[in-house]
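Inspection log for the structure reproduced underneath, given as structure tokens.
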Amino acid sequence: MTLRPAPAAAECRAQLRRAAAQSRRSRSRIDCTQERQTMVQVKRICCIGAGYVGGPTCSVIAQMCPEVTVTVVDVNEERIKAWNSDSLPIFEPGLQEVVDSCRGVNLFFSTDINNAIKDADLVFISVNTPTKTFGIGKGRAADLKYIEACARQIAEVSTGCKIVVEKSTVPVRAAESIRRIFNANTRSGLNFQVLSNPEFLAEGTAISDLKNPDRVLIGGDESAEGQRAIEALRNIYEHWVPKKKIITTNTWSSELSKLAANAFLAQRISSINSISALCEVTGADVEEVAHAIGTDQRIGSKFLKASVGFGGSCFQKDVLNLVYLCEALNLPEVARYWQQVIEINDYQRQRFSSRIIGCLFNTVTDKKIALLGFAFKKNTGDTRESSSISISRYLMDEGAHLHIYDPKVKKEQIIQDLSQPTASDDDPNRVSRLVTISNDPYDACENAHAIVICTEWDMFKELDYEKIYKAMLKPAFIFDGRRILDSLHEQLQQIGFQVEIIGKRISQRISFTATNAEAPPSKKIKL
């Protein structure tokens, strides 16, 4: 048998070094691959953004998943201090109890963003995506600068394998932008999976929406790694959400579903508001019409409440985003269709404001008007895109003196909202001169010419309107922009109020003098 000669010692050492290096690289790939393959147990969650979405969502996750450590981070130190106090930065029924039950146990609020990202297995991005105010897409496209900044920060400080979840409302293919940033900043042993998990919360009922959702939507890659990431997030929600309510799609379907859902809801509100205008000139009652069509199971009764228009952080922004997307993809007819939803909403606000001015003898200059409610809906302190802002500005343009009361919106927020520059505003002192913030609804109504109800707070149904009427100037008007006083209309008229509501003409009981009441009808004059 012939024996091979042994290799030289130097060559042998070189071979060993190459083999060791190859082994380390292989182990690194194997370790990361194994970690990705077993990425179904999320023990640490980081949420970037402690606002209306991130705070409540992660508080509920912490309560429902006691074995998971949840850290909510934000660059705003004052906001984090508020989350760590007994006075939370946002008002939401039930939120304080949820936070109190797990804060300091497995729920933490911090400004140490980098360490929270490093420690996390899963990172939610829940930052603001406002509509652009300048440049291409101004007034319609979403500004993704905060999303991009988060993606870059995550890429910079992360190690190992992480699941990154876009929770903010984003345009279609935003996840692809995040993924491109990650791919351009990849390092050895670093791997990301990007998911879309849009929120479907209604402010005022956010906690019940989170605990009893209609559905949870998760979008991700169709690859094996993407499906494992979806499974990891699904496992979190399955702590309290039935499996049949958790829907999985690809990333782009998930992103578009969020925009489409809000667009459809906004469309229903604009549809019934357009009918309310027709009701007011025909003698129909929009509440009766809404009930009649809402009993049709194909239509349903939800979001058929006529009002002064929709507000909030999502509806207008998402519809405009959808309009811009359609225009960018050369679908002008579709874009014009959805643009009409916004235009009807603006029309409803302006129509209601013009009705106030018309009823007050075509002038509100120097007249005191009590505006009850400033939040965009009840049970929240959020004023973003509130109809109250638009109505206040219309009345201020006519020189009205507004006395505003809201039980949850802070004075500073109201002043800030009304101080935003507008095309018709050339007086820097206008707000301080025309707006007074009241701490009591009775003070707001004293010596007022009219009351304008802009938010459907339940407390406004319980006010002593006889007391209010006696303190107002006569004739005293009530403009019910939310139809919350329907059961009181006859009583209010008996007190002496002139009542004006959305979507219905009310025959007023107007007091006449004896002379006018007994005056015979005028005779026809032949010409």
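Things worth noting here:
- Taking every DSSP bridge with both residues inside the chain, close to 5 percent are antiparallel.
- Surface calculation, 1.4 Å probe, protein heavy atoms: VAL289 sits at approximately 50 Å² accessible.
- Per-residue SASA remark: MET64, around 60 Å² accessible (1.4 Å probe; ligands, DNA and RNA not included).
- Of all DSSP beta bridges in region 376-510, antiparallel share, percent nearest 5: 10
- In order along region 120-129, phi translates into HN-Hα couplings of 7, 8, 9, 10, 8, 9, 10, 9, 5, 10 Hz, rounded to whole numbers, per the Karplus curve 6.51 cos²θ - 1.76 cosθ + 1.60 with θ = phi - 60° and x for Gly and Pro.
- Using 0.36 nm per residue and subtracting the Cα-Cα separation, the extra length available between ARG173 and THR422 on full extension is 86.4 nm.
- Within the chain: Cβ-based charge dipole about Cα centre, in debye rounded to nearest 20 (Lys, Arg +1; Asp, Glu -1): 1680
- Protection-proxy order for peptides 166-175, 261-270, each taking the mean of Cβ atoms within 10 Å per residue, highest first: 166-175, 261-270
- Within the chain, helix-based [θ] at 222 nm, where runs of 4 or more DSSP H residues each add -39,500 (n - 2.57), nearest 500: -14000 deg cm²/dmol
- Computed from backbone phi with θ = phi - 60° and the Karplus coefficients 6.51, -1.76 and 1.60, the 3J(HN,Hα) list for region 387-394 is 4, 4, 5, 5, 5, 4, 5, 4 Hz; x is used for glycine and proline.
- Ranked by the mean number of other Cβ atoms within 10 Å per residue, highest first, peptides 327-333, 430-436, 148-154 order as 148-154, 430-436, 327-333.
- Global form of region 55-210, assessed from the alpha-carbon gyration tensor, a/c cut-off 1.5: oblate
- Surface accessible to a 1.4 Å probe, LEU256 within the full protein complex, Å²: 80
The values are calculated or read from the model by the stated rules, or taken from the named source; none is laboratory data. Everything numeric here is computed off the predicted structure, so don't read it as measured data. Positions of Cβ are generated from backbone atoms using ideal geometry, with glycine treated the same way; all protein chains shown enter the neighbour counts. Note: areas computed on protein heavy atoms with side chains; ligands, DNA, RNA excluded. Shrake-Rupley method; radii C 1.70, N 1.55, O 1.52, S 1.80 Å.
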